[in-house]
Amino acid sequence: MRPWLGLVVLVFGSGSGFGQHSDVLWYSQPAPVWTEALPVGNGRLGAMVFGGANTVANNGDREATKDNDVLADGSLTRGQDEHLQLNEGTLWSGDGADHFNPKAHDAFVASRRLLLESKGTDAAKIADAEKIAAEELLSGRMPSYSTLGDLYLRSASSGAVSGYRRELDLASGVERTTYTQDGVRFTREVFASYPAQVIAVRITADRPGSISFTATMDRPSDFSVATHGGNHLTLNEGPEHKDLIRFLADVEVISERGAVRAEEKQLVVEKADAVTVLIGMGTDFRGGLFAGGPPAPRIAAQLKAAAAQSYDALRTAAIADHARLFSRLTLELGPPPDVQRDDYVGLATDARLKRVSGGADDLGLQALYFDYARYLLIGCSRDTMPANLQGLWAAGIDNPWGSKYTINVNTEMNYWLAEPAALGDTSVPLFNLLDVARTTGTAVKVAKTYYGAGGFVIHHNTDIWGEARPIDGIGSGIWPMGGAWLTLQAWEHYAFSGDKAFLAERVWPLLEGSSQFFLDYLTPDGEGHLVTGPSLSPENKYKLSDGSTHSLTMAPTMDVEIVRELFTRTLEAGRILGKDRAFLEKVESDLAKLPPFKVGRLGTLQEWQQDYDEAAPGHRHISHLWALYPGTQITPEQPALYTAARATLQRRLDNGGGQTGWSRAWVVNYWDHLHEGDKAYESMQVLFKQSTFPNLMDTHPPGLFQIDGNLGAANGMLEALAQSWWEPEYVELELLPALPHAWGEGSVHGMRVRGGGDLSLTWKDGVATGATLHTTYDQRFVVRCAGSLVQVQGGPQRASEKVELRAVAGRDYRFTFQAARR
């Protein structure tokens, strides 16, 4: 570990001495394009709120930046109008049909045999193995998550707009737009209500009879629009839509005074004092928690119940529900010493981001970014579907990478934040999808028919139906580790919560099923080890001496790391629950036969069993450092591996790595676990500069939104403040392991740690000033803090580098810190 440094004695303080940051994103102009719009969501229903609408056919939803260049200056966008791009979490473009490859098992056997015979060096045999896998082991593509459509509210007035402002209040979940036109002050509010299961829009004016607009809906393709009841506008699938998920959006417009009427395929509102627009959405998808059936009756019931409430009651209930989750944790960061707060107070969010892109520090923006990530996770992952590549918000029918569940890092990264940010309940939809995959999905069938194995397996993608096949290409698809990694996320939920019922009922079937697959799937390598394969190091290639590049191999390092962690957690869970001894002995036996880590000639951790040259030394995936994070196998207690991990990360970055948002977010977490806070901070600044849209959403080249970077980077901010490790007999907790110098003072309250603990922590001048740990069940903790000696109230009388605490459920434990000598 780093040396213990310090000069002064510090005791617990009640505050950090600086004001709270604002939890509001705000802008002085409407959003001409999707990447400037602001999201609302209740887990199932989502909308991107533009705070205006374009006057041309291009509504700003298109992913290709060049198509949106004409919109960029906002001259074609009217702030008195509104555009909502709508999503419903179960709307996918496919049909869940069986696309199994009948040649897959024979292809698996043949390609594995060739790879073993190649000894990792025979280019011809490796190429033959890849050819067989490409032609006979892969099977097609998966369907895409899709938008439901777009709603436009276009004002009847064309007068000039002044005093425009739109904002998103993260603490309440309410988006608000205000402006003045023709001497009238207008306000629009939008929020997604979880209790009512609707999206609500409220339009008010400070002069009676001032609100007049038309409401229309459309979709990129495959849709029909109709009206009913005089004040309802509906959008559903088109006449050619066959054997696919059916969908419906029903918009109810409620006018206070004035009038609302239907005209062909639109609604017209005239001279109203105020208007409430309620949006209900649903599909007929059946599977998992969803019973299927026509969505219209469910939506009608939801709209009727919502319309029976006053707007204030509807709004109050939605805010209270959102705040119940959002208020669990607070993070405050003090201003850096060389930046005056007045430099950025009063700037709009996009202006602050531009300022940071120019090299400035803005700790308030960093704290806002962190809270925005929590807001996004709450908005896209409640009790229905888990967060996909775009969370919940996707503008196309066929989105980039299908907006699927990409489980060779992206989906898992979505949920790293959930447990430490006290949002563990948002991860339950992920476990629900895993259960779908191994029950009604194809995870068990693929294990059996493709590999002749028991248990279950999922490759690098899955979808709403729990599909498990290897797809796309050998460069990414032949990777049977996705289900195992997701299973380890379920273990993490237990490690943080200590919920033994959850461990027994939800986690154990996953651990047992995934471990059973690998017990059957692992094969001897002829050198005393059990290995995976054919497999790959996600999306990367290695180079042979003849100059050829290849993807497939046996036992890439990441595979071994995941299997090692899986078997270890299976043994721990099995012993806690008293599971079958013979099964656990087999797991323990195979665990001992996995290949060891290897350090290559460059001093880096080998990505493959052979010390290959990398085809792309700056590749965005740095998967072989999985054992550093989120795995637990590389720690400072293994100095040779720890040093090799650092050299690996630095080499990737020196060669241009970390160029995507999610990759840079993983880099932040890696630096945290290397105890290099300033390096982590530097990568956060890079992420702001090159991978963040004006609406603070994460970017993936060439200008596409992926939510993983937002959620992964926010988790990296917490990993700088506290890290915990679950061991069979205790939990080790380290405070301020990677605090960057720029975060000289601050506080976090409500952070969760493994072992069922809630942590509050304050620091000043880069040193801890106080901490409190509240425990939810009896647990032994070992606590340490960089640069400090630790003492716990009621614990040892003398402070030490490590303090052991035998915590009792329901109690608060207060820590004081004394600076350690060099």
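Return only the number of the condition from (1) open to solvent by 10 Å² or more (accessible area, probe 1.4 Å); (2) of a type outside the set (Ser, Thr, Tyr); (3) part of a helix (DSSP H, G or I) that residue 347 does not satisfy.
(3)
Cβ-Cβ under 7 Å, sequence separation 6+ or interchain: first residue in the range 294-323 and farther than 22 Å from residue 382 by Cα and open to solvent by 50 Å² or more (accessible area, probe 1.4 Å), partner modelled with pLDDT of 95 or more and assigned to a helix (DSSP H, G or I). Which pairs?
As it stands, the answer is none, since no pair meets every condition given.
Would you mind telling me which numbered condition in (1) surrounded by 13 or more Cβ atoms within 10 Å (Cβ to Cβ); (2) at positive phi residue 220 fails?
If we test residue 220 against (1) surrounded by 13 or more Cβ atoms within 10 Å (Cβ to Cβ); (2) at positive phi, just (2) comes out false.
With respect to residue 144, is the statement that it is under 38 Å from the mean Cα position of the chain (by Cα), over 30 Å from residue 43 (Cα atoms) and crowded, with 16+ Cβ neighbours inside 10 Å true?
no
What is the residue count in the range 237-258 for residues that are open to solvent by 50 Å² or more (accessible area, probe 1.4 Å) and either charged (D, E, K, R) or assigned to a strand (DSSP E or B) (or both)?
Of the residues in that region, 7 qualify.
Counting only residues that are touching a residue at least 12 places away in the same chain (Cβ under 8 Å), over 11 Å from residue 590 (Cβ atoms) and open to solvent by 10 Å² or more (accessible area, probe 1.4 Å), how many does the range 524-540 have?
4
Is it the case that residue 671 is over 27 Å from residue 772 (Cβ atoms), crowded, with 20+ Cβ neighbours inside 10 Å and in contact (Cβ under 8 Å) with a residue 40 or more places away in the chain?
The answer is yes for residue 671.
Are there any strands (runs of 3 or more DSSP E) wholly within the range 738-808 with 2 or more residues that are hydroxyl-bearing (Ser, Thr, Tyr), and if so which?
Strands (runs of 3 or more DSSP E) meeting the threshold: 757-764, 767-775.
Could you grab me the full set of residues in the range 442-500 that are within 23 Å of residue 554 (Cα to Cα), in contact with a Lys or Arg (Cβ under 8 Å, 6 or more places away or on another chain) and either free of Cβ contacts under 8 Å to residues at least 12 places away in the same chain or of a type in the set (A, V, I, L, M) (or both)?
The answer is 444, 446, 468, 471, 488.
Give 665, 680, 647 a once-over and let me know the one that is of a type in the set (A, V, I, L, M, F, W, C), at pLDDT 95 or above and open to solvent by 10 Å² or more (accessible area, probe 1.4 Å).
None of the others qualify; the one that does is 647.
Which one of these is among the hydrophobic types (A, V, I, L, M, F, W, C), under 21 Å from the mean Cα position of the chain (by Cα) and more than 25 Å from residue 517 (Cβ to Cβ): 495, 490, 484, 418?
The conditions single out 418.
Please go through the range 141-180 and give me each residue that is among the polar types (S, T, N, Q) and under 25 Å from residue 351 (Cα atoms), ordered by number.
Correct list: 162, 172, 177, 178, 180.
Give the number of residues within the range 60-93 that are modelled with pLDDT of 90 or more, assigned to a loop (DSSP other than H, G, I, E, B) and either touching a Ser or Thr at 6+ places or on another chain (Cβ under 9 Å) or not charged (D, E, K, R) (or both).
12
Listed residues 167, 252, 263; which is acidic (Asp, Glu) and over 30 Å from residue 321 (Cβ atoms)?
Going through 167, 252, 263 in turn, the sole match is 263.
Of all the residues that make up the range 35-53, how many are crowded, with 24+ Cβ neighbours inside 10 Å and either among the aliphatic types (A, V, I, L, M) or not in a loop (DSSP other than H, G, I, E, B) (or both)?
Here the count works out to 12.
Across the range 714-736, which residue is nearest to the chain's Cα centre (by Cα) among those that are crowded, with 20+ Cβ neighbours inside 10 Å and more than 17 Å from residue 631 (Cα to Cα)?
It comes out as 714.
Return yes or no: is residue 215 assigned to a strand (DSSP E or B), open to solvent by less than 10 Å² (accessible area, probe 1.4 Å) and on the phi < 0 side of the Ramachandran plot?
Judged against the criteria, residue 215 is a match.
Condition first: open to solvent by 30 Å² or more (accessible area, probe 1.4 Å), in contact (Cβ under 8 Å) with a residue 24 or more places away in the chain and hydrophobic (A, V, I, L, M, F, W, C). Now tell me which residues in the range 147-204 satisfy that.
Passing the criteria: 156, 161, 171.
Can you name every residue in the range 748-765 that is out of contact with any Leu (no Cβ under 6 Å at 6 or more places or on another chain) and open to solvent by 10 Å² or more (accessible area, probe 1.4 Å)?
749, 752, 754, 758, 760, 764, 765
Is it fair to say residue 722 is small (Gly, Ala, Ser) and more than 25 Å from residue 811 (Cβ to Cβ)?
The answer is no for residue 722.
Specify the residue that is nearest to residue 100 (Cα to Cα); the eligible residues are those in the range 474-491 that are of a type outside the set (S, T, N, Q), in a loop (DSSP other than H, G, I, E, B) and open to solvent by 10 Å² or more (accessible area, probe 1.4 Å).
Step by step, filter the range 474-491, then rank; the result is 474.
Looking at residue 517, is it touching a residue at least 40 places away in the same chain (Cβ under 8 Å) and open to solvent by 20 Å² or more (accessible area, probe 1.4 Å)?
no
Is it true that residue 32 is in contact with a Leu (Cβ under 6 Å, 6 or more places away or on another chain), in contact (Cβ under 8 Å) with a residue 24 or more places away in the chain, surrounded by 22 or more Cβ atoms within 10 Å (Cβ to Cβ) and farther than 30 Å from residue 132 by Cα?
Judged against the criteria, residue 32 is a match.
Looking at 288, 280 in this structure, which one is open to solvent by less than 50 Å² (accessible area, probe 1.4 Å), out of contact with any His (no Cβ under 6 Å at 6 or more places or on another chain), of a type outside the set (A, V, I, L, M) and under 30 Å from residue 95 (Cα atoms)?
After applying the criteria, what remains is 280.
The values are calculated or read from the model by the stated rules, or taken from the named source; none is laboratory data. As the structure is a computational prediction, the values presented were derived from the model and not from experiment. Cβ coordinates were reconstructed from backbone atoms using ideal geometry, including for glycine residues, and neighbour counts include every protein chain displayed. Side chains included, ligands, DNA and RNA excluded: accessible areas come from the protein's heavy atoms. Shrake-Rupley method; radii C 1.70, N 1.55, O 1.52, S 1.80 Å.
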